[in-house]
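Q: The structure under discussion is supplied below as structure tokens; questions concerning it will follow.
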Amino acid sequence: MRWLPALRRIVVILLLAAVGWALLLFLVQDRLIFHPRAYAAGDEPPTGFIPVSFTTGDGPQTAWWVGSPAPRRWWVVFNGNGGVAWDWTGLPAVAADGETAFLVVDWPGYGASAGSPGRPAIQRAADGAIAAATARHGALPVPGVLGHSLGAAAACEFAARSPVRGIVLAAPFTSLKAMARRQVGWPWCEVLRHRWDNAARLEEIAVSASRPWLAIVHGDADGVIPIAMGRALAAAHPGWAAFIPMPGAPHDAVWGADPEGFAVLMRR
């Protein structure tokens, strides 16, 4: 049994390494999930982007209004984890019909907004942006929500707690925990703090009294979030969720394959 002390030392070293790795993942996960981008000083917004300023507990925030000041339909837009409002350069063309508008929410720490991103902070930003837009434009119809990637999760959470007329999810995951498991495996995915779960939120929305319509769009060349996740979300709700595959579209250019189809969907 002379080997027992050596075995114990090996076990202790492995346990300490495992605990250390789990602690490191717990501490740095915000840097892995969120990739804040600020607008450079002196840069001008794209044509048609009107700032909507407001303040939350995270500090001064700025969202962006695109389109009619009195729209027939409008969308609250949630960016992906590395995106900002000014990336949505195709929105003015969609809003050129005079009946469609968009409120693009820059997360805290992104664009011209102060603070740090996170689930509660993003929802505070969305609520503040809607309140500020309503104060400016007066009574507005019930909005739809459009979310890309991680923003699809924010859109689902918003729709689960507020009335919406439609939901469009672009390149969504089933849950952030499932994505973490793909990246770091089990049990390390269990240290995840941001438990966005699109599958669970859609289950809640599906049984709501005023269920909105739902479309899920995913590129088959998505190298970040597999298209199988978008298909799985749609397959869980046959007869409700419309699944729209985008041939050849990568993660960050879901709409590039069919901008006209995007316009039709937004004007629905």
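Where a number appears in this text, it was derived from the coordinates with a stated rule and is not lab data. Small disclaimer: the values here were computed from a predicted structure and weren't measured. Don't worry about glycine lacking a Cβ; one is built from the backbone with ideal geometry, like all the others, and counts go over all protein chains shown.
Q: Please give me the summed charge of the neighbours of Pro141: other residues whose Cβ is under 12 Å from its Cβ, Lys and Arg +1, Asp and Glu -1.
A: Taking every other residue near Pro141 into account, the sum is +2.
Q: For the pair Arg267 and Arg211, how long in nm is the line joining their label points, each one 7 Å along Cα→Cβ?
A: Result for the modelled spin labels: 2.9 nm.
Q: Using the Karplus equation 6.51 cos²θ - 1.76 cosθ + 1.60 (θ = phi - 60°), what ³J(HN,Hα) coupling, rounded to whole Hz, does each residue of the range 73-81 give in order, writing x for Gly and Pro?
A: 9, 8, 10, 8, 10, 10, 6, x, 5
Q: For Ala132, what charge total do you get from the other residues with a beta carbon under 15 Å from its beta carbon, if Lys and Arg give +1 and Asp and Glu give -1?
A: Here the count lands on -1.
Q: Give the span of the range 91-224's Cα atoms along each principal axis, as three whole-Å numbers ordered largest to smallest.
A: 50, 33, 32 Å, listed from the longest principal axis down.
Q: Using a 7 Å offset from the Cα along the Cα-to-Cβ direction at both Glu44 and Ala178, what is the distance between the two label points in nm, to one decimal?
A: Those two pseudo-labels are separated by 4.5 nm.
Q: Which residues' amide hydrogens lie under 5 Å from the amide hydrogen of Trp74, considering only partners 5 or more residues apart or on another chain, with H built in the peptide plane?
A: Those lying under 5 Å, H to H, from Trp74 are Ala101, Gly144.
Q: Scan around Thr56 for amide H atoms under 5 Å from its own, H built in the peptide plane at 1.01 Å from N, and keep only partners 5 or more places away or cross-chain.
A: Gln61
Q: Also: Counting Lys and Arg as +1 and Asp and Glu as -1, what is the net charge of the other residues whose Cβ lies under 10 Å from the Cβ of Pro247?
A: Every neighbour counted, the sum reads -2.
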